[in-house]
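Here the structure comes first, spelled out in structure tokens, and everything after it is commentary.
The values are calculated or read from the model by the stated rules, or taken from the named source; none is laboratory data. Here the structure is a predicted model, which means the values were calculated and not measured. Here the Cβ positions follow ideal geometry from the backbone for every residue, glycine too, while neighbour counts run over all protein chains shown. Heads up: the accessible areas ignore ligands, DNA and RNA and are worked out on the full protein's heavy atoms, side chains in. Shrake-Rupley method; radii C 1.70, N 1.55, O 1.52, S 1.80 Å.
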Amino acid sequence: MAHDFSKKDHLDLVRKAQVVVMAFEYGSWWLLLLQVNKKRGEFWQNVTGGVKDKESFDHGAKRELWEETQLEPEYFYELDFECHFQNHHKRMVYEKAFLAAYKSPAHPIISKEHQNFCWKKIDMISAQDFGHASNYGA
């Protein structure tokens, strides 16, 4: 029987939401990348964060989007992407991905956990742009 990772039913499960932030401009789609600060490794990622105990995944994703960028989504969708992995604390993580889309690139106000951001043309994105494979997968 498969485990239902959608509910936090034991203390070892960490629920996370990932938000792919995209905007359309100059006839192309652009992806927002956030660079985490030096203390966290300086790698690039999508908006990513924990979902609180009694919080839905979509609410957690929107909250993380706001906390990390100060952006409200113009369009918001759940993506058909989820992953399960063990984090560096040896805890199981269940992560779901969402899309926040905009009519044109916005200027985020990034949180202190990040040191930089950039909008990158979607056809120029590769796995090497991300610190974690799940970010590229989403």
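Looking at A106, A127, just one residue is under 14 Å from V21 (Cβ atoms), more than 12 Å from the chain's Cα centre (by Cα) and either hydroxyl-bearing (S, T, Y) or modelled with pLDDT under 95 (or both), and that residue is A106.
Do you know which residues across the stretch 38-70 are among the hydroxyl-bearing types (S, T, Y) and either within 16 Å of V20 (Cβ to Cβ) or touching a strand residue (DSSP E or B) at 6+ places or on another chain (Cβ under 8 Å) (or both)?
Let us first name the residues in the stretch 38-70 that are among the hydroxyl-bearing types (S, T, Y), namely 48, 56, 69.
T48, T69 - these are the residues of the stretch 38-70 that are among the hydroxyl-bearing types (S, T, Y) and either within 16 Å of V20 (Cβ to Cβ) or touching a strand residue (DSSP E or B) at 6+ places or on another chain (Cβ under 8 Å) (or both).
Would you point out which residue out of G41, G60, G50 is on the phi > 0 side of the Ramachandran plot and among the small types (G, A, S)? On inspection, the qualifying residue turns out to be G41.
Can you find a residue in the stretch 28-37 that is buried (at least 18 other Cβ atoms within 10 Å of the Cβ) and assigned to a loop (DSSP other than H, G, I, E, B)? Scanning the stretch 28-37, I find no residue that is buried (at least 18 other Cβ atoms within 10 Å of the Cβ) and assigned to a loop (DSSP other than H, G, I, E, B), so the answer is no. When T69 is tested against (1) modelled with pLDDT of 95 or more; (2) among the polar types (S, T, N, Q); (3) farther than 20 Å from L99 by Cα, only condition (3) is not met. Restricted to the stretch 45-138, the set of strands (runs of 3 or more DSSP E) holding at least 3 residues that are open to solvent by less than 20 Å² (accessible area, probe 1.4 Å) comprises 47-50, 92-102. Residue count for the stretch 72-100 satisfying the condition of being in contact with a helix residue (DSSP H, G or I) (Cβ under 6 Å, 6 or more places away or on another chain) and either aromatic (F, W, Y) or without any contact (Cβ under 8 Å) to a residue 60 or more places away in the chain (or both): 2.
Taking (1) within 25 Å of Q128 (Cβ to Cβ); (2) open to solvent by less than 40 Å² (accessible area, probe 1.4 Å); (3) without any contact (Cβ under 8 Å) to a residue 40 or more places away in the chain in turn, M22 satisfies each apart from (3).
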